[in-house]
């Protein structure tokens, strides 16, 4: 599914077999992308993008905006859908986002240990985000 320019966000995708769709906010601007380090990483990545599960009646884009605000305090604008995949049993949809206001911080300190802006250089992305979904990596490396 894609959003046609001017058509507005599509409704959230239905739940997958493992539960609600998890939306990943890929926030980037000025040659950097925003990542967070969760307090606990049991079986998960050390660094990741802000993310959250869709709520009833919420579009995927609305979910990405909410997840970014809840985890980093940053106001973002959701853009294109970068891709989707199933990883560790979760249905993930990646949404490109751009900062629209505020300063990133640990808005949820019980869950988030650290927030960092990192370079979008391939070596840096590979170091912080090993196994990054290829369409997301391509977007970050070639983006403005």
### Summary
Taking region 95-124 and keeping residues out of contact with any strand residue (DSSP E or B) (no Cβ under 7 Å at 6 or more places or on another chain), more than 16 Å from residue 27 (Cα to Cα) and surrounded by 14 or more Cβ atoms within 10 Å (Cβ to Cβ) leaves 108
### Query
For region 50-69, which residues satisfy the criterion of being out of contact with any helix residue (DSSP H, G or I) (no Cβ under 8 Å at 6 or more places or on another chain) and either surrounded by fewer than 17 Cβ atoms within 10 Å (Cβ to Cβ) or in a loop (DSSP other than H, G, I, E, B) (or both)?
56, 57
### Query
Does at least one position in region 117-126 carry a residue that is modelled with pLDDT of 95 or more and more than 17 Å from residue 143 (Cα to Cα)?
no
### Query
Quick one: how many residues across region 70-105 are in a loop (DSSP other than H, G, I, E, B), under 22 Å from residue 128 (Cα atoms) and free of Cβ contacts under 8 Å to residues at least 40 places away in the same chain?
3
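The values are calculated or read from the model by the stated rules, or taken from the named source; none is laboratory data. None of the values given here were measured: they were computed from a predicted structure. Note: ideal-geometry Cβ built from the backbone for every residue, glycine included; neighbour counts use all protein chains shown.
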